[in-house]
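The values are calculated or read from the model by the stated rules, or taken from the named source; none is laboratory data. These figures come from a predicted structure and were not determined experimentally. Neighbour counts are summed over all protein chains in view; Cβ atoms, including those assigned to glycine, are modelled from backbone coordinates with ideal geometry.
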Ligand SMILES: *Cc1c(COP(=O)(O)O)cnc(C)c1O
């Protein structure tokens with residue numbers, strides 16, 4: 001796609017952005033370049049610190065022609081100046097946290113979010129002298145109250161794992177800007193089809209590409225989108241030195257998956273609405289959480305901030321452990337497995353005791369509020385692209 005592609009629609013960008021003029025053969029599909037190093041025909045510095053966007057390809061840990069195409073596509077969808085792709089969502093998450101936080105700094109982070117992120121923030125960062133305040137980021141006021149003079153970063157996940165809580169990104173951006181802190185949003189559950197946090201004032205957007213972006217459950221990846229300045233700092237240090245580089249093959253698979261992201265997200269949402277209706281009418285289901293429901297406590301924010309309600313649903317039933325066992329043996333279509341955002345439907349019981357003890361360490365009011373919604377556990381259902389009727393029949397069989 002040519003340089004005046006900025007005003008093209010999101011479906012056109014999902015297919016064409018980044019996939020241009022790199023083929024030496026005239027191939028219409030992007031080249032897969034599985035080379036770890038590149039022939040050098042001009043003098044270049046051996047230090048990654050001296051590289052910039054115009055440097056030639058040298059070594060795939062710094063940049064690679066296939067990965068660069070994926071990065072351009074991601075940047076186009078997130079309306080970002082620049083992007084780097086990494087080996088996994090966690091590689092992207094740890095790259096951002098370690099790149100921009102140092103000894104003595106303070107981080108404000110959603111109190112319930114992806115367990116890997118929650119555990120890294122609570123267990124690893126303090127070892128490096130970084131203090132961390134987990135707060136309920138549904139309330140901008142709580143974010144504001146947690147800010148200190150040393151606060152260097154605010155980290156949101158919206159919608160968040162597993163309670164599907166939202167954070168008001170524009171309100172958080174005002175707070176972070178006033179403090180001179182970076183606002184980072186893990187937008188994995190939303191995808192750029194639903195929300196574009198940079199447009200709302202965030203500084204960086206993190207994705208697990210393993211989920212909706214790749215969309216087919218066959219490749220792991222992560223990404224960080226933001227300004228040229230921030231991304232160039234990340235490329236020079238976090239990417240090249242921490243080394244969480246994505247395989248060009250995975251970049252190629254994810255790019256292929258992303259071409260259908262806009263239409264997949266419409267289908268995920270449509271199926272999720274049908275499954276949610278079935279669950280709400282099922283006598284054994286006690287609670288159904290979906291941002292697209294009027295009954296979601298933040299439905300107004302969801303309508304304002306999301307162009308698509310995504311395919312992630314959480315629900316609660318009595319005797320969840322027995323139901324989970326029936327799911328493992330009796331589901332015919334839905335896979336009882338972790339992860340999300342694939343074309344296949346996936347379901348998994350997120351047990352409250354596990355999450356509270358190992359990941360979130362909630363106390364007092366926060367613990368009460370978690371239990372009030374999640375009880376002993378929530379089923380996290382990633383509604384896939386199968387026929388909604390088959391998904392409902394499958395759930396009916398085990399509930
Ligand atoms: C899966 C996930 C991650 C981690 O991504 P990986 O690709 O598994 O490393 C981070 N954040 C969210 C919200 C996720 O769902």
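Structure summary
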{"quantity": "Verdict on residue 188 being in a helix (DSSP H, G or I), within 14 Å of the chain's Cα centre (by Cα) and touching a residue at least 60 places away in the same chain (Cβ under 8 Å)", "calculated": "no"}
{"quantity": "Boolean, residue 217 is more than 20 Å from residue 301 (Cβ to Cβ), within 13 Å of the ligand (Cβ to nearest atom), surrounded by 22 or more Cβ atoms within 10 Å (Cβ to Cβ) and outside the structural domain of residue 308 (by TED's automatic domain parsing)", "calculated": "no"}
{"quantity": "Qualifying helices (runs of 4 or more DSSP H) (wholly inside the stretch 49-134; at least 3 residues being buried (at least 18 other Cβ atoms within 10 Å of the Cβ))", "calculated": "65-78, 89-100"}
{"quantity": "Check on residue 375, more than 23 Å from the chain's Cα centre (by Cα) and free of Cβ contacts under 8 Å to residues at least 12 places away in the same chain", "calculated": "no"}
{"quantity": "Residue check, residue 230 part of a helix (DSSP H, G or I), crowded, with 24+ Cβ neighbours inside 10 Å and over 14 Å from the mean Cα position of the chain (by Cα)", "calculated": "no"}
{"quantity": "Verdict on residue 202 being surrounded by 24 or more Cβ atoms within 10 Å (Cβ to Cβ), away from the ligand (no atom under 13 Å from the Cβ) and at pLDDT 95 or above", "calculated": "yes"}
{"quantity": "Given (1) within 14 Å of the ligand (Cβ to nearest atom); (2) in contact with a helix residue (DSSP H, G or I) (Cβ under 6 Å, 6 or more places away or on another chain); (3) within 30 Å of residue 177 (Cβ to Cβ), index of the condition residue 234 fails", "calculated": "(1)"}
{"quantity": "Considering residues of the stretch 239-251 that are surrounded by 22 or more Cβ atoms within 10 Å (Cβ to Cβ) and assigned to a helix (DSSP H, G or I) only, the residue modelled with the lowest pLDDT", "calculated": "239"}
{"quantity": "Pairs with Cβ under 9 Å, 6+ apart, first in the stretch 80-101 and at pLDDT 95 or above, second more than 16 Å from the ligand (Cβ to nearest atom) and in a loop (DSSP other than H, G, I, E, B)", "calculated": "80/196; 80/227; 81/227; 82/53; 82/227; 84/63; 97/130; 101/130"}
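To keep it simple, each residue is scored yes or no on (1) in contact with a strand residue (DSSP E or B) (Cβ under 8 Å, 6 or more places away or on another chain); (2) within 21 Å of residue 116 (Cβ to Cβ).
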residue: 318; (1), (2): yes, no
residue: 325; (1), (2): no, no
residue: 335; (1), (2): yes, yes
residue: 343; (1), (2): no, no
residue: 348; (1), (2): yes, yes
residue: 352; (1), (2): yes, yes
residue: 365; (1), (2): no, no
residue: 373; (1), (2): yes, no
residue: 391; (1), (2): no, no
